[in-house]
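Taking it in order: structure first as structure tokens, then the write-up.
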Amino acid sequence: GVRRREGCQVSAPTIMWAAAVDLILDRLQATHGKELNRAVSIGFSAQQHGTVYWKVGAEEKLRGLQPGDTFEKGLSACFTREESPTWQDASTTRQCQEFAHHMGGAGEVARVTGSGPYERFSAIQIRKWLTLPESRASVATTERISLVSSFLASLFCGAYAPIDTADGSGMNLMDLRTRDWNSRALEATVRGAAEPCTAAWLRGLLGQPQDSLSAAPGRRVSAHVAGTYGLPDNCFVALGTGDNPSAAVGTLLLAPGELAVSLGTSDTLQAVLDAPAAPCEGHVFCAASSPHHYLGMLCYRNGSLVRERVMKEWVEHTGRADAGDPWSFLTEALSATPPGNHGKVGLFYDAPEIIPAGARPGTRRYLG
């Protein structure tokens, strides 16, 4: 689902996401058409930090889609960047340093936005795009920047959907206390970029963020979606949010003091907070479940994909690759050794790690 290039660049074709929505809705209509016709509302969870860049005139194209049109075909020429940077991208260390310098240091970035400057965060990725000489044409013809979650909501309502504050607080751009874009962070993002790049211009591209639970009676599925896939035309389109805020809601992590551990593509530890803080490591986001709470999170990039790779290598090494469920064999091996493995520890980083910051790819073994 992603393309990897030299220099730790990781991106995904934006139109692939649009095509994926076509495919999902086609399959849902074929298998659950009657249920779709009774849908009351629809919401979205998407990877955090990834950004989508809409071309001038794209919203008009979005509004003009007719029943029977596909997103893939109808929007094929609507993006100024064909590739969207994703959360796995780690190519922006220099931009992190520049952004922190313009904000008064990494600690100040964390105090204002809830996170220090991280390579994958949207402000840093946007800064890289704005300051590349080869980006000038695409910059000049961009009319909107969405997160992946608001991109999905935009497809369903046929117009640009606002960025949700929970997802938007993972961009290094939002002031956690006001739940709005921070002027200094906007300025730090565009500093040194050519015209028309100003803080006010970037604020306009992002639109006004809204809380996940904000009421918006007019935000219904478009005539295109209703006519093509059978959703009722009064089906409410909720704001999309990020996968991490969604995970907190899904695990009923709702009250301050509650903790949850999620073992996914990246591994996270999450906690609900009643006030924002400036973390030395990790993040504080606005909570998706309440406009009065915050979500603290520690994130480790090398999660399930690394575990799966190590598992496959282990079963092949032991000659059990074709002998049933490989995870059960690995579980048996882990159960046969005491916690701590007699002081023998392995750290497996397939990608640059987030915590500890700066840990480069590679395998580290400690034999006790």
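The values are calculated or read from the model by the stated rules, or taken from the named source; none is laboratory data. No experiment lies behind these values; they were computed from the predicted model shown. Methodologically, a virtual Cβ is constructed for each residue, glycine included, from the backbone with ideal geometry; neighbour enumeration extends over all protein chains shown. Areas reflect the complete protein model, heavy atoms only, side chains present, ligands, DNA and RNA absent. Shrake-Rupley method; radii C 1.70, N 1.55, O 1.52, S 1.80 Å.
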Subject >> Among T228, N341, T251 the positive-end extreme of the charge dipole of region 227-368 (Cβ point charges) >> reply: N341
Original post:
Taking Cα pairs under 8 Å and at least six residues apart, what relative contact order does region 210-368 come out at, in percent?
Top reply: 15 percent
Subject >> region 281-332: relative contact order in percent, alpha carbon pairs under 8 Å with at least 6 residues between >> reply: 23 percent
Subject >> Dipole in debye (nearest 20) - region 182-306, about Cα centre, beta carbon charges: Lys, Arg +1; Asp, Glu -1 >> reply: 280 debye
Subject >> Heavy-atom accessible area ranking, 1.4 Å probe, most first, across E281, E98 >> reply: E281, E98
Original post:
So what are the three principal axis dimensions of region 102-234 from its Cα atoms, in whole Å, longest to shortest?
Top reply: 51, 35, 23
**OP:** Could you order peptides 293-301, 202-210, 354-362 by the average number of other Cβ atoms within 10 Å of their residues, highest first?
**Re:** 293-301, 202-210, 354-362
Subject >> Calculated Rg and Dmax of the chain using C-alpha coordinates, Å >> reply: 21.7, 65
Original post:
Membrane-span-like helices in the chain: DSSP H runs reaching 20 Å or more (Cα, own axis), mean Kyte hydropathy at least -1.0?
Top reply: 14-36
Original post:
In region 74-186, with Lys and Arg counted as +1 and Asp and Glu as -1 at Cβ, which of these residues, L173, T86, S150, has the Cα nearest the positive end of the dipole, that is, farthest along it?
Top reply: L173
Subject >> Bridge type composition, the chain - antiparallel percent by DSSP, nearest 5 >> reply: 90 percent
Original post:
Toward the positive end of the charge dipole of the chain, about the Cα centre and with charges on Cβ (Lys, Arg +1; Asp, Glu -1), which of T141, G264, P196 goes farthest?
Top reply: P196
Subject >> Charge dipole magnitude, Cβ of K and R +1, D and E -1 - the chain, Cα centre, debye nearest 20 >> reply: 400 debye
Original post:
How would you order 66-79, 178-191, 104-117 from highest to lowest mean count of nearby Cβ atoms within 10 Å?
Top reply: 104-117, 178-191, 66-79
**OP:** Under 1.5 on a/c is rounded, so check that first for region 261-300, then, if it is not, pick prolate when a/b is larger than b/c and oblate when it is not; a ≥ b ≥ c are the square roots of the alpha carbon gyration tensor eigenvalues.
**Re:** oblate
**OP:** Please get the size of the charge dipole for region 185-236, origin at its Cα centre, with Cβ charges of +1 on Lys and Arg and -1 on Asp and Glu, quoted in debye to the nearest 20.
**Re:** 40 debye
